[in-house]
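Take a look at the structure set out below.
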């Protein structure tokens with residue numbers, strides 16, 4: 001039984017999707033904890049209501065990223081994680097933190113990477129006049145939004161789309177894509193070979 005620790009900064013809708021899928025699909029894993037850098041993150045209440053341990057490491061109380069990441073790492077490791085899942089965790093992580101969880105930390109990004117790393121992905125997609133948008137699950141590396149890709153979901157950009165309508169369409173796909181990718185990890189079906197992700201067939 002693998003332990004999953006999920007990091008959030010807000011509502012945590014992708015966290016909710018992972019928690020629900022893990023339980024309804026009977027994964028060989030459990031969400032051991034949900035940790036936030038913001039005390040008022042709405043997702044903490046969902047986790048508590050589902051009997052999941054929660055913790056807060058307030059990023060505003062630390063003088064720099066390194067000291068925050070060190071404290072966050074200590075809190076995460078109390079739960080002996082096999083996998084760390086970033087679900088709307090709005091922090092740029094330091095290289096030592098990322099190295100500590102190398103090969104066992106996933107993120108979901110609202111674009112078809114390598115297109116549009118960073119913020120404002122929906123605006124960038126619309127401004128570029130692209131006909132397709134989506135989301136990417138990838139392993140986290142020290143380079144922001146550039147880790148080995150696990151899976152992508154694609155949506156069309158429709159006439160009249162705004163940032164809000166496009167974001168909503170992508171989010172619906174995220175809620176299916178992220179649980180799928182996390183399940184691949186907990187079933188030991190993911191491997192990284194020469195920088196690329198390989199997905200093994202079910203046993």
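The values are calculated or read from the model by the stated rules, or taken from the named source; none is laboratory data. Keep in mind that this is a model prediction, so the values were computed, not measured. Cβ: placed from backbone, ideal geometry, glycine included. Neighbour counts: every protein chain shown.
Brief remarks on what is shown
- Positions within the range 15-60 being assigned to a helix (DSSP H, G or I) and either within 17 Å of residue 93 (Cβ to Cβ) or modelled with pLDDT under 95 (or both), in sequence order: 59, 60
- Some residue of the range 100-112 being outside any loop (DSSP other than H, G, I, E, B) and over 14 Å from the mean Cα position of the chain (by Cα): yes
Residue-by-condition table, conditions (1) in contact with a helix residue (DSSP H, G or I) (Cβ under 7 Å, 6 or more places away or on another chain); (2) under 30 Å from residue 168 (Cα atoms):
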| position | (1), (2) |
| --- | --- |
| 11 | yes, yes |
| 56 | no, yes |
| 62 | yes, no |
| 67 | no, no |
| 81 | no, no |
| 87 | yes, yes |
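- Residue match in the range 67-82 (condition: within 15 Å of the chain's Cα centre (by Cα) and under 15 Å from residue 181 (Cα atoms)): yes
- Lone qualifier among 119, 126 - being within 24 Å of residue 167 (Cα to Cα) and without any contact (Cβ under 8 Å) to a residue 24 or more places away in the chain: 119
- The range 80-103: number of residues that are touching a strand residue (DSSP E or B) at 6+ places or on another chain (Cβ under 6 Å) and without any contact (Cβ under 8 Å) to a residue 60 or more places away in the chain: 1
- Counting only residues that are part of a loop (DSSP other than H, G, I, E, B) and free of Cβ contacts under 8 Å to residues at least 40 places away in the same chain, the range 141-164 holds 9 of them.
- Selection over the range 181-194 of residues that are surrounded by fewer than 17 Cβ atoms within 10 Å (Cβ to Cβ) and closer than 20 Å to residue 111 by Cα gives a count of 0.
- Leading residue by the ranking (surrounded by the fewest Cβ atoms within 10 Å (Cβ to Cβ)) among those in the range 123-144 that are within 14 Å of residue 195 (Cβ to Cβ) and out of contact with any helix residue (DSSP H, G or I) (no Cβ under 8 Å at 6 or more places or on another chain): 143
- Boolean, residue 203 is assigned to a helix (DSSP H, G or I) and without any contact (Cβ under 8 Å) to a residue 24 or more places away in the chain: no
- Test: residue 147 is under 25 Å from residue 75 (Cβ atoms) and surrounded by 15 or more Cβ atoms within 10 Å (Cβ to Cβ): yes
- All positions within the range 152-172 that are surrounded by 18 or more Cβ atoms within 10 Å (Cβ to Cβ) and more than 13 Å from residue 122 (Cα to Cα): 153
- No other residue among 138, 122, 116, 175 is part of a loop (DSSP other than H, G, I, E, B) and under 27 Å from residue 21 (Cβ atoms) apart from 116.
- A count restricted to the range 61-79 and to residues that are outside any helix (DSSP H, G or I) and either closer than 19 Å to residue 12 by Cβ or touching a strand residue (DSSP E or B) at 6+ places or on another chain (Cβ under 9 Å) (or both) stands at 2.
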